[in-house]
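Shown next, in structure tokens, is the structure this report addresses.
The values are calculated or read from the model by the stated rules, or taken from the named source; none is laboratory data. As the structure is a computational prediction, the values presented were derived from the model and not from experiment. Methodologically, a virtual Cβ is constructed for each residue, glycine included, from the backbone with ideal geometry; neighbour enumeration extends over all protein chains shown. Heads up: the accessible areas ignore ligands, DNA and RNA and are worked out on the full protein's heavy atoms, side chains in. Shrake-Rupley method; radii C 1.70, N 1.55, O 1.52, S 1.80 Å.
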Amino acid sequence: MDIDNNDIVQQFASDNYSGICPEAWQAMESANRGSATSYGDDPWTAQASNAFRELFETECEVFFVFNGTAANSLALASLCQSYHGVICCDQAHVETDECGAPEFFSNGSKLLVAQGVNGKLMPASIPELATRRQDIHFPKPRVVTITQPTETGRLYSLEEIRAISAACKAHGLLLHMDGARFANACASLRCSPAELAWKSGVDVLCFGGTKNGMAVGEAVLFFDKALAIDFDYRCKQAGQLASKMRFLAAPWVGMLESGAWLANAEHANKCARYFSEKVAGIPNITIASPADANTVFLEAANDILERLRARGWKFYTFIGGAARFMFSWDTDLSRVDDLLRDLKECAA
Ligand SMILES: *Cc1c(COP(=O)(O)O)cnc(C)c1O
């Protein structure tokens, strides 16, 4: 092997550019000492599930899948019949970035898209979409899904989630949360995972591990056990049941028991705040979306962004046009300073 990751300079295009954090890596290594029963019937999977129950202070049902698209779309599919509808905001990952997987795995449940504000679903959109059509010719609304933090890096406050939950309850709808960066939300809002999930009315949560410092893997948590019935079959059919499940589960043990899940998120958020504070003083660049969690979106003239790209920086502009910079558990602040210096020079 002649690839050395140390030769690859750090970029901030996505938090999934990061490597595996030491706690997850070490747990993988411990799980690799010998053999274990397959398909989740192993001590690591039991321990990881219990660690989630402890963290969330409740006896939830826990499943481990490979990625966020599967977590979201299988969770939504399990809450819906094929004739149901899923209310989401126009910037939701399930709508814009999952290649139709929620519709595919649910055999046709339709996403009912509301225009969001700052990437957030407004509580008022729920009664609006839930009652717009009540005839047999339109899919029956069944679930609301929200992303916390949103695709544009904004946070729903606890009050906002509770308002959404109240609207769901008023219309007989279930509430799903895409928590690809749930840890960053907990870190930023300084609230417990329980408060941010089931205590605020979330029925099913997809808790992201990949962007939090693991190699791969997301957890799907059902706070109402009845909703989890047969979810294991759904995972298997979708090709999401890991035969060597201990390697999906063990990193969670490492992350949750050490507290790395939260420390990693705190570091990422801190780097985003640092970047955002420094960038605020640079002329010709404006912050399009404040650093609620670990993401900062910048607006700048195209030639500025082109110059930045020419200097080798990678960043995405496909989400709403602004340039996205994301920070992760392994963000090196001196590399952030390099970016700031280049931004300043390119914008001058
Ligand atoms: C990254 C991400 C996911 C998961 O994406 P995968 O690439 O399928 O793992 C889900 N939702 C949001 C908001 C994300 O940013």
Exercise. Out of residues 5 or more away from Val144 or on other chains, whose amide H comes under 5 Å of its own, with H placed 1.01 Å from N in the peptide plane?
Worked result: Ile87, Leu174, Leu175, His176
Problem set entry | Cα→Cβ-extended label distance, 7 Å offset, between Tyr17 and Asp97, nm | 1.5
Exercise. Which parts of region 62-87 would a label at Phe138 reach, counting a residue when its backbone N lies under 15 Å from a point 7 Å out along Cα-to-Cβ?
Worked result: 84-87
For this session: Take the Cβ-Cβ distance between Glu57 and Trp25 as r, set R0 to 22 Å, and report the resulting FRET efficiency rounded to the nearest 0.05.
Result: 0.20
Exercise. Over 18 Å between Cα atoms, which of Lys314/Lys344; Lys169/Lys199; Lys199/Lys225; Lys278/Lys344; Lys211/Lys270; Lys211/Lys244 qualify?
Worked result: Lys211/Lys244
Seminar exercise, completed: The simple spin-label model distance between Gln237 and Thr131, using points 7 Å out along Cα→Cβ, in nm, is 3.5
Problem set entry | Difference of contour (0.36 nm per residue) and Cα-Cα distance, Glu195 to Arg33 | 54.6 nm
Exercise. Under a point spin-label approximation (7 Å from Cα along Cα-to-Cβ), what is the Thr286-Glu257 distance to one decimal in nm?
Worked result: 5.1
Seminar exercise, completed: Heavy-atom accessible area of Asp90, protein chains in place, probe 1.4 angstrom, given in Å² to nearest 10, is 60
For this session: Give the range of the longest stretch in the chain that excludes all chymotrypsin sites (Phe, Trp or Tyr not before Pro) found in loop regions by DSSP and having at most 16 other beta-carbon atoms within 10 Å.
Result: 84-317
Exercise. Can you run phi through the Karplus equation (6.51, -1.76, 1.60; θ = phi - 60°) for region 218-227 and list ³J(HN,Hα) in whole Hz, with x for Gly and Pro?
Worked result: 9, 10, 10, 10, 9, 8, 10, 4, 4, 6
Exercise. Out of the DSSP beta bridges found with both residues in the chain, what percent are antiparallel (nearest 5)?
Worked result: 50
Exercise. Taking square-rooted eigenvalues a ≥ b ≥ c of the alpha carbon gyration tensor, is the chain rounded, prolate or oblate, where a/c under 1.5 means rounded and, failing that, a/b exceeding b/c means prolate?
Worked result: oblate
For this session: Identify which of Arg33, Arg309, Arg273 has the largest mean-square fluctuation in a Gaussian network model of the chain, with springs joining Cα atoms closer than 10 Å.
Result: Arg33
Seminar exercise, completed: For region 167-176, Karplus-derived ³J(HN,Hα) couplings (6.51, -1.76, 1.60; θ = phi - 60°; whole Hz; x for glycine and proline) come out as 5, 4, 4, 4, 10, x, 10, 8, 10, 10
Exercise. How high is the FRET efficiency from Arg341 to Asn118, r the C-beta distance, R0 22 Å, rounded to 0.05?
Worked result: 0.15
Problem set entry | Added length on full extension, which subtracts the Cα-Cα distance from 0.36 nm per residue, Leu333 to Phe318 | 2.9 nm
Exercise. Taking the Cα centre of each part, how many Å lie between region 333-348 and region 103-163?
Worked result: 38
